[in-house]
1. Have a look at 278, 269, 314 and point out the one that is surrounded by fewer than 18 Cβ atoms within 10 Å (Cβ to Cβ), at pLDDT 95 or above and part of a helix (DSSP H, G or I).
2. Hey, any hits in the stretch 141-158 for a residue that's exposed (fewer than 15 other Cβ atoms within 10 Å of the Cβ), in contact with a helix residue (DSSP H, G or I) (Cβ under 8 Å, 6 or more places away or on another chain) and in the same structural domain as residue 476 (by TED's automatic domain parsing)?
3. Of the conditions (1) surrounded by fewer than 15 Cβ atoms within 10 Å (Cβ to Cβ); (2) in contact (Cβ under 8 Å) with a residue 12 or more places away in the chain, residue 441 fails just one. Which one is it?
4. Any residue at all in the stretch 345-357 that's farther than 19 Å from residue 435 by Cβ, in a helix (DSSP H, G or I) and modelled with pLDDT under 95?
5. Select from the stretch 113-123 the residues that are assigned to a helix (DSSP H, G or I) and touching a residue at least 40 places away in the same chain (Cβ under 8 Å) and write down the one among them that is surrounded by the most Cβ atoms within 10 Å (Cβ to Cβ).
6. So which of 332, 300 is in contact with a helix residue (DSSP H, G or I) (Cβ under 9 Å, 6 or more places away or on another chain), on the phi < 0 side of the Ramachandran plot and crowded, with 17+ Cβ neighbours inside 10 Å?
7. Report those strands (runs of 3 or more DSSP E) wholly inside the stretch 208-250 carrying at least 1 residues which are surrounded by fewer than 20 Cβ atoms within 10 Å (Cβ to Cβ) and more than 17 Å from the chain's Cα centre (by Cα).
8. Go through (1) over 30 Å from residue 286 (Cα atoms); (2) assigned to a helix (DSSP H, G or I) and name the single condition residue 164 misses.
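The values are calculated or read from the model by the stated rules, or taken from the named source; none is laboratory data. Keep in mind it's a predicted model, so treat the numbers as computed, not measured. For neighbour counting, all protein chains shown are included, and Cβ atoms are generated from backbone atoms with ideal geometry for every residue, glycine included.
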């Protein structure tokens, strides 16, 4: 009964993960400052317990025995995913994991202090240590998984994605965007000349913004019996599928930042709430990687909430909650122009839908070189500046805090993560194209505030499939083709050209 042993183990791990998730969400939203030290101890202990439990030596025997058992197709998929997760969890020695954790913690602490001071010189040695360990990790994972080193790192975030498949897609997108960004800016200037941008005047009461966000979440299909909305320093979607913890943050001078954050995180939440409940204790029943998760949030935020038909429905609801007077000078065309504003900028997290992929492609190219050993940390500022200048016409050579120091990811050892952001945007566009083909009147449904059709398609093709298939296979099953940059390019031309 080795498969039964794995299922029992899965339920035990699910309980530990549940505790970690809720304690972590509470720490970011409700925990008093004085609770931090003990909370860190508790969560650290649970992480250790989870790793111990998930990597126990007998698990390898259970997997081997289960492979010879008479299993259903569903059980075979579950076993395959369990084995993949176990192999990834056990291929790094414990002493290496400790060294890596210490180096990353020290690097993150330095980053928080030195980024504000624009001090690359004193930050670089700590990052060099993290990169050296990342190269070591990549090689160990490559050996265990039979992959190239950078592919082995990408595998941790998006199972099945490979540089050989991803790089040509991003290269094509880059070539298009370098020429298209100036065109989009020119088109925007012409629109602004014909219809000057308008601003809305606050203040917008936080409680009224909260009620607006809650009403939007409900309309989009969020289940409040299995989740809630709170406030945190940075918006996130955490918790567990049966108890999703979503957050946003508020400004009283404008409301769109908070609302778009709510819509983005609702996309993540709908995915979590839509996963197959009967498989929640097994890896096969959990979300399929970062790109697919990001595609669900960007589907709501960009494919839906940046579209004019969405705002035909949404504007009256905004006015109901925030007051007709506050929006008297704004109509659908004005808010659509605001949410679709294109602007060259230094900071990835502030970038718009058009320029954002170039920020990601820059990082994707540099971190491949860092892991491959063709780029050293000391040369990163110059390499970053050269690409930033070529792609977006902006120089960061004397401004590392807005260049290679702007993200925490490399400090935290997260190499192979960045591609997921833009792959998510491409996947979202590809899903939208499939939905439009399946439901030609989908835009009329959205303008009427009816999201049941888009949710039903995503539930059947994405949410309920969970981790049965690799990221590329899941996308092909859902949309009929592998990742196709032409779909996203066509979307950008239509919206911004």
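1. Numbers: 269 fails: surrounded by fewer than 18 Cβ atoms within 10 Å (Cβ to Cβ); 314 fails: surrounded by fewer than 18 Cβ atoms within 10 Å (Cβ to Cβ).
That would be 278, the only listed residue that is surrounded by fewer than 18 Cβ atoms within 10 Å (Cβ to Cβ), at pLDDT 95 or above and part of a helix (DSSP H, G or I).
2. Of all residues in the stretch 141-158, those exposed (fewer than 15 other Cβ atoms within 10 Å of the Cβ) come to 143-144, 146.
Those left that are additionally in contact with a helix residue (DSSP H, G or I) (Cβ under 8 Å, 6 or more places away or on another chain): 144.
Pick out the ones that are also in the same structural domain as residue 476 (by TED's automatic domain parsing) and you get 144.
Yes, that holds for at least one residue.
3. The one condition residue 441 does not meet is (2).
4. yes
5. 123
6. Going through 332, 300 in turn, the sole match is 300.
7. 227-231, 243-248
8. So residue 164 meets the others, but not (1).
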